[in-house]
1. What would the Debye formula give as log10 I(q)/I(0) at q = 0.23 Å⁻¹ for the alpha-carbon point model of the range 214-268, no solvent?
2. Show me 190-197, 177-184 ranked by packing, highest mean number of other Cβ atoms within 10 Å first.
3. Using label points projected 7 Å from each Cα along Cα→Cβ, tell me how many nm separate residue 30 and residue 184, to one decimal.
4. If we restrict to alpha carbons, what Rg and Dmax does the range 85-278 come to, in Å?
5. For the range 57-190, what mean projected area does the convex hull of the alpha carbons give, in nm²?
6. Give me the log10 of I(q) over I(0) for the range 3-80 at q = 0.12, 0.14, 0.21 Å⁻¹, as the Debye formula computes it from C-alpha points; what are the numbers?
């Protein structure tokens, strides 16, 4: 079995079950596609395992085959199969959440990463993994975006430390794409981004964490360490995390000024190979491009080295 085939095994297993159900009823792929309100090539890709079916596809299969959620659950297990065992409980909470409040001091949170950015993060954290293994992890991470395609997505409030914007994860081109993606997602009414600036002081927490609010109003804390993440629903831990998050939210730039800062950093990446943060006291003031250009650069100034001519030269 090739590495690529192994990566797609969960999708192939799901597709195989759909194919058996279709053939048991004597339907062609085109006939099933008509019943599912999709195109025949899509059914073909799902059945062959080339593509994992969407949640909507699985739900429609349950309706057409009369299986009462069997294919929806099967599809979800296939989607979770590539994630670590300890991460699956969090994914289940994420799908059931009414709101997610996330603090990311090091990297852009997984759900908002571009494929190129995610690949760079995984490549740095797992240098011994093969290209196929990295690709598999990226695909699983991108699949989490499906949460916002649902009929009732949660609200997502993300606080990024400013250092996340200036860190060269994957290089200049990758960062350009990532920053543009952050700008684009803020157009969604369900997503809000704030930036905790360098002048925001010492954050109350130095590690990434988020607080999820369930549909019934109860809250849980999710924290990450170097090796793994942990879900904690104890009232004391959640209360401390919620208090820390509210302090972060108060110290961060407003959503409008955060967006302006992200746009500025994107412009810096667009014009320089090695952009650096600029010293400033933004507050609620919007600086004009001319003012940005007039501000001094950070970092040491060096003189160009000129070789002293030899006698007679």
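What follows is calculated from the coordinates using simple rules that are stated; it is not laboratory data. Remember, it's a predicted structure, so these values are computed and weren't measured experimentally. Glycine gets a Cβ as well: all are built from the backbone with ideal geometry, and neighbour counts include every protein chain shown.
1. -0.91
2. Per-residue Cβ counts within 10 Å, averaged per peptide and sorted highest first, yield 190-197, 177-184.
3. 3.5
4. Here Rg and the maximum Cα pair distance are 16.4, 48 Å.
5. That works out to 9.3 nm², a quarter of the Cα hull's surface.
6. The Cα Debye sum returns log10 ratios of -0.28, -0.38, -0.87.
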